[in-house]
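What follows is one structure encoded as structure tokens, with my remarks underneath.
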Amino acid sequence: RNGVILATDVKMTSVYAEPKRIIDKDEAVELLTASFPDINARELREKLASKRGFVWIKREVTPEQQQEVYRLGLPGIGFQPENKRIYPNGTAAAHVLGFANVDNVGIAGIEKYIDSFGLSDLSGAGLTPHASDLAPVKLTIDLNVQHALRDELFKGMEHFKSKSAGGMVIDVETGEVIALASLPDYNPNNPKDALDPDKINRVVVGTYEMGSTYKALTIAMGLDSGKFNINSQLDARSAIRYGKYEINDYHA
């Protein structure tokens with residue numbers, strides 16, 4: 001809303017292998033697992049022993065890791081430049097933004113909505129557009145209001161010792177969503193956190209008992225029907241009958 005960046009891309013590098021070009025697979029596994037200790041050696045050996053023409057070794061490596069692998073001089077090992085989606089404001093508006101996976105495909109929120117217009121299909125066809133070809137998507141979210149709303153929800157959770165909280169600020173004149181927060185939330189830079197069932201967006205997918213809001217709806221329906229006006233009086237000392245319906249349960 002005010003020109004603050006909520007999501008953008010940074011250039012990254014991923015390491016891949018062409019199994020048919022690797023001369024000594026055992027040596028390659030030993031050296032690569034030394035550079036990437038988190039890689040499972042058995043799974044890597046299976047990849048390099050396959051007949052596929054291309055396999056991923058490690059996605060989104062650091063520049064230091066890239067240089068380390070480069071210095072190994074292993075034939076059949078290459079580097080692929082990629083874009084990585086990042087969210088500079090961390091948890092702010094996480095449920096609005098959603099997140100993108102390692103292939104930069106939107107999985108939830110606005111990210112998924114934008115990709116539904118065919119951007120992910122273009123990427124899959126190898127026709128990824130350049131950033132200069134696309135206009136930035138502008139949201140109605142005001143980051144200042146978003147932070148304030150999230151802070152108030154946190155205070156409410158602490159005060160009432162509740163398990164969750166949710167809130168939304170809307171411009172009643174335009175319907176624009178100025179802020180939306182649901183707690184507990186997650187950091188879209190760590191998409192795995194979003195898989196926690198407790199971190200759903202309760203504002204849009206939660207189910208709630210409407211309670212006394214039914215009163216306002218019932219009054220509005222009565223006025224809209226023309227059977228009642230703002231000065232109508234109903235005797236609530238016994239059941240009220242309207243057509244075939246009988247109402248005999250009240251609360252204030």
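The values are calculated or read from the model by the stated rules, or taken from the named source; none is laboratory data. Because the structure is a prediction, the values reported are computed rather than measured. Note: ideal-geometry Cβ built from the backbone for every residue, glycine included; neighbour counts use all protein chains shown. Accessible surface is based on the protein model in full, side chains and every heavy atom, while ligands, DNA and RNA are left aside. Shrake-Rupley method; radii C 1.70, N 1.55, O 1.52, S 1.80 Å.
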Ranking Tyr214, Leu139, Asn104 by how far each Cα lies towards the positive end of the charge dipole of the chain (+1 on Lys and Arg Cβ, -1 on Asp and Glu Cβ), the top one is Tyr214
Between Thr8 and Glu43, what length in nm is gained on full extension when 0.36 nm per residue of separation is reduced by their alpha carbon distance?
9.3 nm
GluC sites (Glu not before Pro), loop per DSSP, at most 12 other Cβ atoms within 10 Å - longest free stretch of the chain:
1-172
Could you list log10 I(q)/I(0) for the chain at q = 0.13, 0.17 Å⁻¹, which the Debye formula gives when each Cα is one point scatterer?
-0.99, -1.23
At 0.36 nm per residue, minus the direct Cα-Cα distance, what do Ala216 and Phe160 gain on full extension? Give it in nm, one decimal, please.
17.5 nm
Counting only protein heavy atoms and a 1.4 Å probe, tell me what percentage of the chain's accessible area is made up of carbon and sulfur.
55 percent
What whole number of Å gives the distance from the Cα centroid of region 217-238 to the Cα centroid of region 41-67?
71 Å
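Longest segment of the chain with no trypsin sites (Lys or Arg not before Pro) in a DSSP loop having at most 12 other Cβ atoms within 10 Å? Walk me through the intermediate numbers first.
Numbers: sites that count: Lys51, Arg52, Lys138, Lys161, Lys163, Lys227, Arg237, Lys244.
The reported range is 53-137.
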Test of understanding: what is the full-extension gain from Asp193 to Val137, defined as 0.36 nm times their sequence separation minus their Cα-Cα distance?
17.7 nm
If the only charges are +1 at each Lys and Arg Cβ and -1 at each Asp and Glu Cβ, what is the size of the charge dipole of the chain around the Cα centre, to the nearest 20 debye?
420 debye
